[in-house]
Amino acid sequence: MIPAGLRTGAEFPSERAVPVMQIDKKLILQHLDGLGKHDEAARAHDELPDTVDTDTHADLLAQFGIDPGDMRGSLGALFGK
């Protein structure tokens, strides 16, 4: 059985489980502001959905200079982890 929040199968040719991250838009805005990217944060406020899926919205995140592959570490820093 695959734990909730993981996807496998045809979507991922290797058929290994891949974590899916759902991130509150506010955390992304805080991250951008913390990096001094205030213009990108303002655009992201208008363009991102309230809940961002790092898989589904990867291209949109890239427009703001955010690599979804790096999101876990970057957002962990926001929480002091």
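Check every one of the helices (runs of 4 or more DSSP H) wholly within the chain and list those with 2 or more residues that are touching a strand residue (DSSP E or B) at 6+ places or on another chain (Cβ under 7 Å) and modelled with pLDDT of 90 or more. Full working, then the answer.
Working: elements: 25-34, 38-47, 58-63, 71-78.
Those helices (runs of 4 or more DSSP H) span 25-34.
Only residues in segment 37-52 that are free of Cβ contacts under 8 Å to residues at least 12 places away in the same chain count as the first member; pair them with residues that are buried (at least 18 other Cβ atoms within 10 Å of the Cβ), Cβ under 8 angstrom, at least 6 apart or cross-chain, and list the lot.
HIS38/LEU32
For segment 27-55, which residues satisfy the criterion of being loosely packed, with under 13 Cβ neighbours inside 10 Å and closer than 16 Å to PRO68 by Cα?
Within segment 27-55, PRO49, THR51 qualify.
The values are calculated or read from the model by the stated rules, or taken from the named source; none is laboratory data. Predicted model only: the values in this text are computed from it and were never measured. When we count neighbours, we look across all protein chains shown, and the Cβ atoms used for this are built from the backbone with ideal geometry, even at glycine.
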